[in-house]
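Presented below is the structure to which this report refers.
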Amino acid sequence: AQTVTQSQPEMSVQEAETVTLSCTYDTSENNYYLFWYKQPPSRQMILVIRQEAYKQQNATENRFSVNFQKAAKSFSLKISDSQLGDTAMYFCAFMILNYGGATNKLIFGTGTLLAVQP
Amino acid sequence: SQTIHQWPATLVQPVGSPLSLECTVEGTSNPNLYWYRQAAGRGLQLLFYSVGIGQISSEVPQNLSASRPQDRQFILSSKKLLLSDSGFYLCAWRGGMAGLTGELFFGEGSRLTVL
């Protein structure tokens, strides 16, 4: 069975600093997608960044970047120049890719609550 | 553009009462639809998903059920609520080009409190 583990229930960072959120996963599959979703206090889930397992290059989206270590099954999220609006729950998620497209199940970790301090 | 709506946003129900949460998607056809539950302080648990009208897959045995009477409508129901059904319920969809990449788009959520 596929599992996603986020070992940091809560983290805090000062505004303008950099923070890294950890995520590990377990699967025997070789092709899959990894995601980081953000859930601010409004509770709306928002996609932050996506990584395809077959790509060696780490994905980046503005201030957000990932460190994808496939052999170690690690997928951490780095937030640079943290802003107050980054305060949210962050979820790591995983979906297996089969021939013809992604399968139906997006499996989530338990989340990391990030607080950006002024 | 595609949008997803779910309602009601907030619901307080007594134990043993029925439940109906509704989700609709606009701007796309034949989406995959999902119901997730988020208990307080915990992650998201996949409850049901549907790949087409009348096709429901259940992930967790429970007293909840789901139905998809129309292509872009997904309903979560219960005949008799339990205290443990309290939580934040999220509807999501996947389809089109995003269907190739696995990305899910989420609704605003429905907070259910069972007393």
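The values are calculated or read from the model by the stated rules, or taken from the named source; none is laboratory data. Because the structure is a prediction, the values reported are computed rather than measured. With ideal geometry, Cβ positions are generated from the backbone for all residues, glycine too; neighbour counts draw on all protein chains shown. In case anyone asks, the SASA skips ligands and DNA or RNA and just uses the protein heavy atoms, side chains included. Shrake-Rupley method; radii C 1.70, N 1.55, O 1.52, S 1.80 Å.
Things worth noting here:
- For the protein assembly as shown, a crude dipole built from +1 on the beta carbon of Lys and Arg and -1 on the beta carbon of Asp and Glu, taken about the Cα centre, is about 420 debye to the nearest 20.
- Taking the inverse of the mean 1/r over every pair of distinct Cα atoms in segment A:6-51 gives a Kirkwood hydrodynamic radius of 13.1 Å.
- Cα Rg over Rh - chain A, Kirkwood: 0.97
- Binning the C-alpha pair distances of the protein assembly as shown at 10 Å intervals from 0 yields a P(r) profile of 8, 32, 35, 21, 5, 0 %, listed from the shortest bin outward.
- Across peptide A:106-115, the mean count of Cβ atoms from other chains lying within 10 Å of each residue's own Cβ comes to 3.
- Within straight-line cross-link reach of A:K78, lysines at Cα separation under 22 Å, skipping those fewer than 8 residues along the same chain: A:K38, A:K55, A:K70
- Chains A and B, summed buried accessible surface - 1.4 Å probe, Å², nearest 100: 1800 Å²
- Sulfur and carbon atoms: percent of accessible area, segment A:9-56 [1.4 Å]: 42 percent
- Relative contact order computed over chain A (Cα-Cα under 8 Å; 6+ residues apart), in percent: 37 percent
- Accessible carbon and sulfur surface of segment B:6-115 relative to its total accessible area, %, 1.4 Å: 56 percent
- Taking only alpha carbon atoms, chain B gives an Rg to Rh ratio of 0.96, where Rh is the Kirkwood radius.
- Shielded residues, segment B:45-82 - accessible-area loss of 10 Å² or more between chain alone and all protein chains, probe 1.4 Å: B:L46, B:Y49, B:V51, B:E59
- With θ taken as phi - 60° and the Karplus curve 6.51 cos²θ - 1.76 cosθ + 1.60 applied, the whole-hertz 3J(HN,Hα) list for segment A:64-78 is 9, 8, 10, 10, 9, 10, 5, 5, 8, 6, 10, 8, 9, 10, 10 Hz, x standing for glycine and proline.
- Averaged per residue, segment B:1-112 has 45 square angstrom of accessible surface, using a 1.4 angstrom probe with ligands and nucleic acids left out.
- Cα-centre dipole for chain A with unit charges at Cβ (Lys and Arg positive, Asp and Glu negative), debye to 20: 300 debye
- For A:M11, residues with placed amide H under 5 Å, excluding near neighbours: A:L113, A:L114, A:A115
- Estimated translational D of segment A:40-89 in µm²/s (Stokes, Kirkwood radius over Cα pairs; 4 °C; 1.567 mPa s): 106 µm²/s
- For A:K73, no residue has an amide H sitting under 5 Å from its own, ignoring neighbours fewer than 5 places away on the same chain, with H placed 1.01 Å from N.
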